[in-house]
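The values are calculated or read from the model by the stated rules, or taken from the named source; none is laboratory data. Keep in mind that what you see is a predicted model, and the values were worked out from it rather than measured. Cβ atoms come from the backbone with ideal geometry, glycine included; neighbour counts cover every protein chain shown. With ligands, DNA and RNA removed, areas are computed over all heavy atoms of the protein, side chains included. Shrake-Rupley method; radii C 1.70, N 1.55, O 1.52, S 1.80 Å.
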Amino acid sequence: MGHSIGDHAYGERGIEFLLVDRSGPQQRVRRFRADIRLLMDHPEVYRDGDNTRLIPVSSISNSVLALGARHTASEPETYALALAEHFLTADRCVLTADVRLTATEFAPLASDRPPSAAQHFSALARHQDHTHLTLPRHGEPVVRSGLLNMELFTTGGATFAGFARNAYTTTQTFTDRVFGARMNVTWRHSGTDTGHGKCRARAEQAVVKAFSEHTSRSGQHTFHHLGAAVLDACPDLAEVRVEGAHLTRSLVDLTPFGAGNEGCVYTAADQQQSTVTVTVHRT
C-alpha cells in the first residue's frame, strides 16, 4: 500500500523571556512565554529527509526575541500578530502560523527614593494575560485572548443543594459554604480592530465584580455567571469560555489537638480538582 503525508507542522514551545518597556516615566516589566507552531508545506523533509527547505527552530526562538525588542509596550495580541506575519513572510513553506503568548505583569514597588533610571518590581501577579492567534496564509487572523490562572475565594454564603444522587454520591448539602475557584477566562474577538488592553481590563473588572456580587449555587452556576458578565462588559466579543476548577476547601479538624476551628483553617491541596467548563455565546 502507498503512503501520503497529511498535515505536518513544527515549532518551538516554552520560549521564556522578559520584556522591559522603558519608553515612559513608569517602566513596565513582563515575563513572557511563547509557543510557536507552524503548519508547513515541505513533505520532502518528512518523506525523504531532505532538509533543503527546512529552517532550524533556532530561527523561531530568535525571531521571537528579536521582534520582542520592538514590542516592549505592545499588547500581546499586537505582538502575536507581528510574529505570525513575520513567519509567513520569512518562509514561503509556512501555511499557517499559530502563536500563543502568555504574559505575567510585574508590579512596580513604591519607593521614597528619588526617580532614577532603575525602577523596582515584584513578580507577584493576580493572573496572566494570554493570547492565541492563528493566521493562515490566505485568510484572516483568528484571535482568542484571556486571563489565565485567576483564583477567587469567598469565605461563605455559597450553597450546593437540590442535586441529583446515585449509588455513589457522598456529597452533603451545603447552605453556607466557602467557595474557591481557579480559572482561565478566554474570549474570541468579533474582529481584529479591537482595543485589546482596554477589553482585558474591562473583562477583569467584570469577573471580579460579578464574583463579589454573586451567590454561588454550584461551580457551573458561577462559571456561567462570570462568562456572561464578561460578554456584557465587552460588546466586541463573540464568545467567552470559562474553564477551570472548583477548589475544595474543607475545614480542618483540630479537635485532636484540643483546638476549635470556627471557620479559620481550611485545606488547600489542589491535586484533585472538580473541573468545570462553559462557553457563553452572544445571541
**Q.** Filter result for residue 114 (surrounded by fewer than 17 Cβ atoms within 10 Å (Cβ to Cβ) and either β-branched (Val, Ile, Thr) or modelled with pLDDT of 95 or more (or both))
**A.** no
Q) Do you know which residues across region 208-243 are in contact with a strand residue (DSSP E or B) (Cβ under 6 Å, 6 or more places away or on another chain) and in a helix (DSSP H, G or I)? A) 211, 219, 220, 223, 224, 226, 227, 228, 230, 231
Q | Test: residue 90 is of a type in the set (Gly, Ala, Ser) and in contact (Cβ under 8 Å) with a residue 40 or more places away in the chain | A | no
Q) Is one or more of the residues making up region 83-100 among the acidic types (Asp, Glu), open to solvent by less than 60 Å² (accessible area, probe 1.4 Å), touching a helix residue (DSSP H, G or I) at 6+ places or on another chain (Cβ under 9 Å) and closer than 24 Å to residue 21 by Cβ? A) no
Q.
Return the pair list, or none, for Cβ contacts closer than 9 Å from residues in region 10-22 that are farther than 20 Å from residue 94 by Cβ to residues that are among the aliphatic types (A, V, I, L, M) and open to solvent by 20 Å² or more (accessible area, probe 1.4 Å), at least 6 apart or on different chains.
A. 17/65; 19/69; 19/73; 21/73; 22/117
Q) Limited to region 122-166, what total is found for residues that are crowded, with 18+ Cβ neighbours inside 10 Å, assigned to a loop (DSSP other than H, G, I, E, B) and under 18 Å from the mean Cα position of the chain (by Cα)? A) 1
Q. Is it true that some residue in region 61-78 is touching a helix residue (DSSP H, G or I) at 6+ places or on another chain (Cβ under 9 Å), under 19 Å from residue 145 (Cα atoms), open to solvent by 60 Å² or more (accessible area, probe 1.4 Å) and of a type in the set (S, T, N, Q)?
A. yes
Q | Sole exception among (1) exposed (fewer than 12 other Cβ atoms within 10 Å of the Cβ); (2) more than 26 Å from the chain's Cα centre (by Cα); (3) closer than 25 Å to residue 144 by Cβ for residue 56, by number | A | (3)
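Going through region 120-156 one residue at a time, which ones are within 21 Å of residue 212 (Cα to Cα), in contact with a Phe, Trp or Tyr (Cβ under 8 Å, 6 or more places away or on another chain) and in contact (Cβ under 8 Å) with a residue 24 or more places away in the chain? Full working, then the answer.
Step one: filter region 120-156 for residues within 21 Å of residue 212 (Cα to Cα), giving 125-128, 146-156.
Going one step further and asking which of them are in contact with a Phe, Trp or Tyr (Cβ under 8 Å, 6 or more places away or on another chain), we end up with 125, 146, 152-154.
Result: 146, 152, 153, 154.
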Q | Scan of region 4-44 for residues that are among the small types (Gly, Ala, Ser) and assigned to a loop (DSSP other than H, G, I, E, B), ordered by number | A | 4, 6, 23, 24
Q.
Can you find a residue that is part of a strand (DSSP E or B), more than 22 Å from residue 78 (Cα to Cα) and open to solvent by 20 Å² or more (accessible area, probe 1.4 Å) anywhere in region 184-204?
A. no
